[in-house]
Amino acid sequence: MSRSRSEAPSQPTTPKFVESIATTVQAQSGSADLEAVVLRAVAQQSDSIALPDVLELRSLLDVDSEQADTLESRIVSTINAIETELAGWDRREVLA
């Protein structure tokens with residue numbers, strides 16, 4: 001976990017942000033790995049998430065986004081899972 005505790009990720013879950021990820025996924029003809037695309041987008045929006053963090057997040061994410069009705073809701077579910085995991089990292093750093 002190289003992300004600084006004092007630096008919060010700056011990726012708002014705005015409709016425009018979700019739409020830009022959806023466009024990326026759709027441009028990849030359905031062969032896109034949704035979690036990978038979302039992680040890449042979140043990391044690009046954040047100054048505090050480094051490559052090791054992305055790799056660790058990728059291995060830890062447990063998103064059941066297949067039950068979501070739309071691509072946008074699957075993206076939001078994935079972003080929420082990332083935010084939850086990062087919040088857990090912050091709590092562990094405070095306790096350490």
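Below, the figures for the structure above:
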{"read-out": "Using alpha carbons only: equivalent-ellipsoid semi-axes of segment 27-69, gyration tensor based, whole Å", "value": "20, 13, 9"}
{"read-out": "Additional length obtainable on full extension of the chain from ASP33 to THR70, 0.36 nm per residue less Cα span", "value": "11.8 nm"}
{"read-out": "Segment 22-63, dipole about Cα centre (Lys/Arg Cβ +1, Asp/Glu Cβ -1), debye to the nearest 20", "value": "160 debye"}
{"read-out": "Label zone at LYS16 (point 7 Å along Cα-to-Cβ), backbone N below 18 Å, segment 37-57", "value": "41-47"}
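Rule-based calculations on the coordinates, nothing more; no lab input. Owing to the predicted nature of the structure, the values given are computational and were not obtained by experimental measurement. Reconstructed Cβ throughout: ideal geometry from the backbone, glycine too, with neighbour counts over all protein chains shown.
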